[in-house]
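Working notes, beginning with the structure itself.
The values are calculated or read from the model by the stated rules, or taken from the named source; none is laboratory data. Computed from a predicted structure; not experimentally measured. Note that we place each Cβ from the backbone using ideal geometry, even for glycine, and neighbour counts take in every protein chain shown.
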Amino acid sequence: MLAVDATWLLIGAPNIGKSVIFNALTGRQVQVANYAGATVSYHQAQLKQSAQALIDVPGIYGFHAANAAEQLAVDLLNGRLCGPAPACCGADAPEAQARASTGLLMVLDACNLAHGLQLMAQVQQQRPDLPMVLAINRLDLAQERGLQLDLALLAERLGKPLYPLVANMGQGIAELAQGLTAAAQPSEPRLLTKQQQQELLAEVQQQPDWQLSWRDRLGNALVKPWPGLPLALLVLVLSFAWVIGFGKAIRVGLLLPLMNQWLAPNIMAFVQWLLPQGLLQQVLIGDYGVLLKGIEWPFMLVLPYVFSFYLLLALLEDSGYLARLATLTDASLRHLGLSGAGIIPLIMGLGCGIPAILASRSLPSQKQRLILVTLVCFSVPCISQLAAFMALFADQPLGVSLGFFALVLAMVLLLGKLLRAVLPGVEQPTLIEIPDMLRPQFATLMQKLWLRLRGYLKDGALPMLYIIALASLIYELGLLRHVAQWMQPLVVGWLRLPEEAALPLILGIMRRELTVLPMLEMSLHWVQLFTAALVALFYVPCIAIVATLAREFSLRLALAMVLATLVFAFTLAGLAARLLGVFFV
């Protein structure tokens with residue numbers, strides 16, 4: 001029998017539900033998505049029903065280690081855990097390096113059993129000394145396609161325990177959990193040749209004639225130039241409209257009235273009753289009052305757009321559309337030195353730059369990784385920034401916001417072409433696995449939405465509160481006057497912004513969206529708003545992203561990114577202020 005504190009490696013191809021199985025067996029919550037490359041680092045947690053541990057390993061197609069995520073999976077399987085835990089494992093794998101892997105939980109795909117058998121044979125060749133338990137997932141999709149599998153015969157031929165699963169519905173999880181605690185020591189592996197694998201498939205798998213389902217037909221149509229490209233453009237336009245429209249509806253219709261008519265008056269009345277007039281009272285409820293702006297900015301202005309974006313992203317992920325979008329954009333992204341697979345990290349960057357940088361591990365070359373992370377750091381706004389821009393332009397003519405985002409797109413294209421030309425290295429093609437079109441599950445959507453909102457509250461809203469408190473103290477102590485005088489040549493002379501814009505520029509070093517949000521309190525011409533937005537977009541990455549860059553690449557690269565973004569932001573914004581000022585001011 002395995003030791004009571006044994007560790008199981010959860011192994012399988014990408015996009016077959018491994019992370020769903022991990023969540024169900026451990027009670028942990030890690031991100032799941034309906035596209036390959038969703039897991040780019042490993043996660044470890046204890047099984048709910050025993051003291052054994054389970055590690056969710058990045059999905060692999062084989063042992064060629066074509067990218068950093070696959071190399072991590074190979075290292076884990078061979079007992080070589082790479083680097084310090086924060087760099088490759090995430091915060092939820094605190095003791096992974098100290099524990100030896102003593103068992104393999106191999107997940108097979110009922111819809112692609114042939115590949116599962118090939119991968120299983122490779123795993124057994126690598127680690128014949130480890131016991132293996134088999135799980136076969138996505139049986140519901142196999143049944144929908146008319147596949148008939150003799151699972152009892154398959155288990156007998158392979159000589160391994162085999163547990164049937166429909167993981168996203170929770171079916172078979174309890175039986176699998178019990179089976180893991182009862183797994184025996186390794187037996188002699190039955191290594192099947194390709195010929196034997198084909199013979200086994202013929203024995204255990206039958207597929208009568210069947211008709212494509214409407215989801216299959218839709219999925220096939222979405223990867224073709226016609227009607228895929230027009231539909232992709234429609235999806236992007238509707239997505240943009242959804243994030244802006246739904247977010248604004250929540251903000252204007254619900255949250256701002258709640259803030260202005262109930263929360264703010266009651267907070268001010270309570271603080272004025274509790275504290276005498278003075279510095280502490282002003283820090284709490286003054287112009288930058290932490291009890292007012294600390295609620296209004298992160299929760300009333302930013303959170304509605306965060307909510308609408310993450311809900312949309314979850315729907316696109318779980319439906320299987322993102323991988324199809326990657327296929328359609330492959331030719332376009334190649335002009336930037338990327339492949340279609342790069343669209344997924346770029347879209348993730350709209351949520352937060354950190355998972356986008358980590359997701360770059362799925363790209364096959366260092367050159368492509370550097371191009372992607374540079375684009376993310378320079379010109380892909382995170383959702384907090386994006387929400388701030390939407391709030392900033394909400395009362396301006398539509399042409400202002402459209403012009404701003406058109407300029408953002410142009411900068412992405414120009415920067416990508418420049419990086420492709422100057423960076424050394426090769427541009428390797430990436431194979432994109434097209435997942436099944438699925439009906440998103442409500443429970444999965446809500447879990448994913450909560451995970452991401454919780455991440456925003458922890459990594460976005462909470463740091464914003466601390467920085468607003470610092471801003472309030474600087475403002476109330478009168479230090480802003482000295483800062484404004486020192487920065488006057490840059491702020492007033494070059495950017496043509498008012499003196500009080502100096503404080504947001506300082507705060508933006510810690511959180512980029514705080515370069516924008518204080519501007520809402522100032523009476524600015526739209527040209528000044530446009531200038532401020534350009535500074536905020538191309539400004540230095542937030543401290544968390546700089547730390548991630550240093551960990552994933554090097555401190556030298558992180559510092560170079562800070563300097564490059566700082567110079568570029570002020571140069572472009574100053575030029576825009578002068579050019580627009582000639583015609584519109």
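Which residue pairs have Cβ atoms under 8 Å apart, sit 6 or more places apart or on different chains, and have a first residue in the range 529-544 that is in the same structural domain as Ile354 (by TED's automatic domain parsing) and a second that is modelled with pLDDT of 85 or more and polar (S, T, N, Q)?
Pairs found: Phe538/Thr565; Tyr539/Thr565; Val540/Thr565; Pro541/Thr565.
Would you point out the residue of the range 195-224, among those that are out of contact with any helix residue (DSSP H, G or I) (no Cβ under 8 Å at 6 or more places or on another chain), of a type in the set (S, T, N, Q) and within 10 Å of Arg145 (Cα to Cα), that is surrounded by the most Cβ atoms within 10 Å (Cβ to Cβ)?
Gln207
Go through the residues of the range 442-459 one by one and say whether even a single one is modelled with pLDDT under 80, over 20 Å from the mean Cα position of the chain (by Cα) and part of a helix (DSSP H, G or I).
no
Taking the stated definitions as given, is Leu438 in a helix (DSSP H, G or I) and not basic (Lys, Arg)? Walk me through it before giving the result.
Working: in a helix (DSSP H, G or I): no; not basic (Lys, Arg): yes.
So Leu438 fails the test.
Among Ser401, Ser472, which is the only one that is under 27 Å from Gly245 (Cβ atoms) and in a helix (DSSP H, G or I)?
Details: Ser472 fails: under 27 Å from Gly245 (Cβ atoms).
When all the criteria are applied, what remains is Ser401.
Go through the residues of the range 464-475 one by one and say whether even a single one is over 23 Å from Gln385 (Cβ atoms) and of a type in the set (A, V, I, L, M). Full working, then the answer.
Of the range 464-475, the ones over 23 Å from Gln385 (Cβ atoms) are 473.
Retained after the next criterion (residues that are of a type in the set (A, V, I, L, M)): 473.
Scanning the range 464-475 turns up at least one residue that is over 23 Å from Gln385 (Cβ atoms) and of a type in the set (A, V, I, L, M).
Scan the range 233-259 and report the pairs whose first residue is more than 18 Å from Ala388 (Cα to Cα) and outside the structural domain of Leu328 (by TED's automatic domain parsing) and whose second residue is among the charged types (D, E, K, R) and outside any helix (DSSP H, G or I), with Cβ atoms within less than 6 Å and a gap of 6+ or a chain change.
Taking only residues 6 or more apart or on different chains, not a single pair turns up.
Given the residues Gln282, Gln277, Gln261, which is the only one that is of a type outside the set (Phe, Trp, Tyr), part of a helix (DSSP H, G or I) and surrounded by fewer than 19 Cβ atoms within 10 Å (Cβ to Cβ)?
So the residue among Gln282, Gln277, Gln261 that is of a type outside the set (Phe, Trp, Tyr), part of a helix (DSSP H, G or I) and surrounded by fewer than 19 Cβ atoms within 10 Å (Cβ to Cβ) is Gln261.
List, please: which pairs have Cβ atoms under 9 Å, are six or more places apart or on different chains, and start with a residue in the range 310-321 that is assigned by TED's automatic domain parsing to the domain that holds Met348 and end with one that is β-branched (Val, Ile, Thr) and modelled with pLDDT of 85 or more?
Leu316/Val235; Tyr321/Val235
Could you say which residue among Leu25, Leu81, Leu10, Leu2 is outside any helix (DSSP H, G or I) and modelled with pLDDT of 85 or more? If you could, list the steps in order and put the result at the bottom.
Numbers: Leu25 fails: outside any helix (DSSP H, G or I); Leu81 fails: modelled with pLDDT of 85 or more; Leu2 fails: modelled with pLDDT of 85 or more.
Just one listed residue meets the conditions, Leu10.
For the range 497-504, does any single residue satisfy the condition of being within 29 Å of Tyr310 (Cβ to Cβ) and at pLDDT 80 or above?
yes
For the list (1) assigned by TED's automatic domain parsing to the domain that holds Ser50; (2) in contact (Cβ under 8 Å) with a residue 24 or more places away in the chain, I need the number of the one condition that Leu218 fails.
In the conditions (1) assigned by TED's automatic domain parsing to the domain that holds Ser50; (2) in contact (Cβ under 8 Å) with a residue 24 or more places away in the chain, Leu218 misses (1) alone.
How many residues does the range 483-512 contain that are touching a Phe, Trp or Tyr at 6+ places or on another chain (Cβ under 9 Å) and buried (at least 20 other Cβ atoms within 10 Å of the Cβ)?
Number of matching residues: 6.
Out of Ala323, Ala269, Ala232, Ala241, report the one residue that is closer than 30 Å to Met348 by Cβ and modelled with pLDDT of 85 or more. Don't jump to the end; show me each part of the working.
Numbers: Ala323 fails: modelled with pLDDT of 85 or more; Ala269 fails: closer than 30 Å to Met348 by Cβ; Ala241 fails: modelled with pLDDT of 85 or more.
That would be Ala232, the only listed residue that is closer than 30 Å to Met348 by Cβ and modelled with pLDDT of 85 or more.
Answer yes or no as to whether Leu176 is surrounded by 20 or more Cβ atoms within 10 Å (Cβ to Cβ), out of contact with any Cys (no Cβ under 6 Å at 6 or more places or on another chain), part of a helix (DSSP H, G or I) and at pLDDT 90 or above.
yes
What number of residues in the range 406-437 are modelled with pLDDT under 80, aliphatic (A, V, I, L, M) and in contact with a helix residue (DSSP H, G or I) (Cβ under 7 Å, 6 or more places away or on another chain)?
Selection size over the range 406-437: 4.
Exactly one condition in (1) modelled with pLDDT under 55; (2) aliphatic (A, V, I, L, M); (3) touching a strand residue (DSSP E or B) at 6+ places or on another chain (Cβ under 6 Å); (4) crowded, with 23+ Cβ neighbours inside 10 Å is false for Ala96; which is it?
(4)
Which one is modelled with the highest pLDDT, of the residues in the range 130-155 that are assigned to a loop (DSSP other than H, G, I, E, B) and closer than 14 Å to Ala202 by Cα?
Asp150
Look through Ala410, Ala471, Ala461 and report the one residue that is free of Cβ contacts under 8 Å to residues at least 24 places away in the same chain and of a type in the set (A, V, I, L, M, F, W, C). Show your work before the answer.
Details: Ala471 fails: free of Cβ contacts under 8 Å to residues at least 24 places away in the same chain; Ala461 fails: free of Cβ contacts under 8 Å to residues at least 24 places away in the same chain.
After ruling out the rest, the residue left standing is Ala410.
Given the options Leu201, Leu192, Leu147, name the one that is of a type outside the set (D, E, K, R), touching a Cys at 6+ places or on another chain (Cβ under 9 Å) and in the same structural domain as Leu130 (by TED's automatic domain parsing).
Answer to the selection: Leu147.
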